[in-house]
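Asks: First the structure, which I've put down as structure tokens, then a few questions once you've had a look.
Just so it is clear, none of the values below were taken in a lab; they were calculated from the coordinates. All values reported here derive from a predicted model rather than from experimental measurement. No Cβ is skipped: glycine too gets one built from the backbone with ideal geometry, and neighbour counts run over all protein chains shown.
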Amino acid sequence: MFQHNRKLNSLFVIKRTSENRVQPRMCALLLLFGLFSGFVPGQPLPKVKADLSKLVVVGDSLSANFQNFSLLNTQQPNGYAAMVARQAGVPLVLPLVPYPGVPNVLQLISVGPPPVIAPAPGVLPPIPRDNPLEQVTDLAVPGMTLADVLTKRPDPVIVTPIDAMTNIVLGFPSPFLVPGPALTQIEQAVALKPTTLIVWVGNNDALLPALTGDLTTLTPIESFTASLTAVMDALAATGASLVTANIPDVTTIPYLTAVGDVAEDNALPLNILGPLLGVAKGDYLRPGALPFVEQILLKNIPGPLPDFCPSTIPGYTEVPCVLKAADATTIRSAIELYNSAISKQAKSRKAEMVDVNKLVDRIHKKGFEAGGKCLNMRFLGGLFSLDGIHPTNTGNAIIANEFISEMNHGFNLNIRSVSVDDVANADPLILPTLVCSK
């Protein structure tokens, strides 16, 4: 992380006389510098306090609080960015989407086992925003890749769900209600003249290949770096204080079930389960594979798993049942390269960087206790919503506190942390079964 503080001797070259004494003129300069800046020689320089009065957010589903696979007005205010803004006492305008959300929000019909989850019924109104005349300052659009935030604009022609969400977030009030040019996320962010920017991008460059099994969509590091540089060039030019974050290991999300967990849950050693299902150590199962697993273990159908299983991702009717260990390794290696690029950009732009990758790794290994419940990264473990991809309210509160801690440290702020216990106690997706054993 970029260090704002430097020792005085890195700012001034002190000439010495033959008697090894500081020249009187330099002594006077140092004294005046100390008197007028409050600086004490030998002490770190004071940090500049960031101005959060015009906070703008750029990103994807994580920054939009896309939860239960939907943008929905009852969920959006529970995102990490909205929590940071509330704790800081500054406005953040969200593109509030009425019921049933877009896509239709997933609902927990029965805990099971197996759990029963279904999309809510209903259709969006013709104008799919509660606040269509407000210019949003949380510009994050679910599904966007790093390149998309630079290039994708609202367009009346809708082909994919991402197109629809781009229109909802970026198309109101202009160009759909008020005449004006259609702008990308980055163009809108610059036009808003922000004082502080949260920019968390690049997650989908690694996530989409993991969800769909199409590793050809894994963004090459050269393209990722070029897009990231263009994003940071444009945002740094605003003069705003910058906050960014890196990318978590997407293979740890509960959308993917490790075959080791399947073996443990069914009390079967992997050397027996593996041949039955046609899987190996380090492989992961996608959601569509789990009903087949159940039927194979009940001996209702023969193994192994089919090559392709039904998909829960819009636009894909089926995806490979298994994320192979080698492909998971390829995705993790790409994330390491992406995060290295993000870290370098943060340092060169004097941006504060939140290490979400480290946070998620720690929680994946140790879990998280909140509100008397022991939460984990398994499905319905309290940290991820019903899509198995995006955080619950509690997961967002944990992320918000990481941003708050980094911003307090780097920007000389004193934002109060979110009470994760309070959020957990009110979180509808934290089940009673998660109570900690004494």
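Asks: Could you please report the charge total around Pro98, scoring K, R as +1 and D, E as -1 over all other residues with beta-carbon less than 12 angstrom from its beta-carbon?
Replies: On the way: positive: Arg129; negative: Asp130.
Combined, the nearby Lys, Arg, Asp and Glu give 0.
Asks: Could the peptides 94-104, 338-348, 108-118 be put in order, highest first, of the mean number of other beta-carbon atoms found within 10 Å of their residues?
Replies: 94-104, 338-348, 108-118
Asks: Among [x] 28.3; [y] 21.4; [z] 26.8, which is the computed mean projected area of the Cα convex hull in nm²?
Replies: [z]
Asks: Another question about this same structure. Take the alpha-carbon centre of segment 152-195, take the same for segment 287-339, and report the distance between them in whole Å.
Replies: 34
Asks: Using the structure shown, select from Lys49/Lys365; Lys152/Lys358; Lys324/Lys350; Lys49/Lys344 the pairs with a Cα to Cα distance greater than 27 angstrom.
Replies: On the way: Lys49/Lys365 35 Å; Lys152/Lys358 30 Å; Lys324/Lys350 39 Å; Lys49/Lys344 23 Å.
The pairs that break the limit, which is 27 Å between Cα atoms, are Lys49/Lys365; Lys152/Lys358; Lys324/Lys350.
Asks: Still on this structure, I have one more. Please report the net charge: other residues with Cβ closer than 15 Å to the Cβ of Leu71, K and R +1, D and E -1. If you can, show how the numbers build up before the last one.
Replies: Values: positive: Arg129; negative: Asp60, Asp130, Asp138, Asp163, Asp387.
Summing Lys/Arg as +1 and Asp/Glu as -1 gives -4.
Asks: For Ala191 and Ser53, compute 0.36 nm times the residue count separating them, minus their Cα-Cα distance, and round to one decimal in nm.
Replies: Working: separation 138, 0.36 × 138 = 49.68 nm, distance 1.55 nm.
Once the chain is fully extended between Ala191 and Ser53, it gains 48.1 nm.
Asks: Now, a different point. Measure off 7 Å from each Cα along the Cα-to-Cβ vector at Lys347 and Val178, then give the distance between these two points in nanometres to one decimal.
Replies: Here the modelled spin labels are 4.2 nm apart.
Asks: How much length is gained if the chain between Ile221 and Asn73 is pulled fully straight, taking 0.36 nm per residue apart and subtracting their Cα-Cα distance, in nm to one decimal?
Replies: Values: separation 148, 0.36 × 148 = 53.28 nm, distance 3.54 nm.
Gain in length upon complete extension: 49.7 nm.
Asks: In a GNM of the chain with a 10 Å cut-off on Cα contacts, which of Leu72, Leu290, Leu146 has the highest mean-square fluctuation?
Replies: Largest GNM mean-square fluctuation: Leu290.
Asks: So, one more: Using alpha carbon centroids, what distance separates segment 378-438 and segment 46-105, in Å?
Replies: Segment 378-438 and segment 46-105 have Cα centres spaced 15 Å from each other.
Asks: Express in nm, to one decimal, how much length is gained between Ser340 and Asp214 on full extension, taking 0.36 nm for each residue of separation and deducting their alpha carbon distance. Please list the in-between numbers first.
Replies: On the way: separation 126, 0.36 × 126 = 45.36 nm, distance 2.35 nm.
Stretched out fully, the Ser340 to Asp214 stretch lengthens by 43.0 nm.
Asks: Once the other residues with Cβ under 13 Å from the Cβ of Leu273 are scored (Lys, Arg +1; Asp, Glu -1), what is the net sum? Could you put the intermediate results ahead of the total?
Replies: Working: positive: Lys281; negative: Asp261, Glu264, Asp265, Asp283, Glu294.
Here the charged neighbours net out to -4.
Asks: Tilt of helix 24-37 relative to the longest C-alpha principal axis of the chain, in degrees (0 to 90, nearest 10)?
Replies: 50
Asks: List the pair-distance distribution P(r) of segment 308-379, using every Cα-Cα distance, as the percent of pairs falling in each 5 Å bin from 0 up to the bin containing the longest distance, rounded to whole percents.
Replies: 3, 12, 11, 15, 16, 17, 15, 8, 2, 0
Asks: Right, another one. Which aspartates and glutamates, if any, have their Cα less than 13 Å from the Cα of Lys373, not counting same-chain residues under 8 positions apart?
Replies: Asp421, Asp422, Asp427
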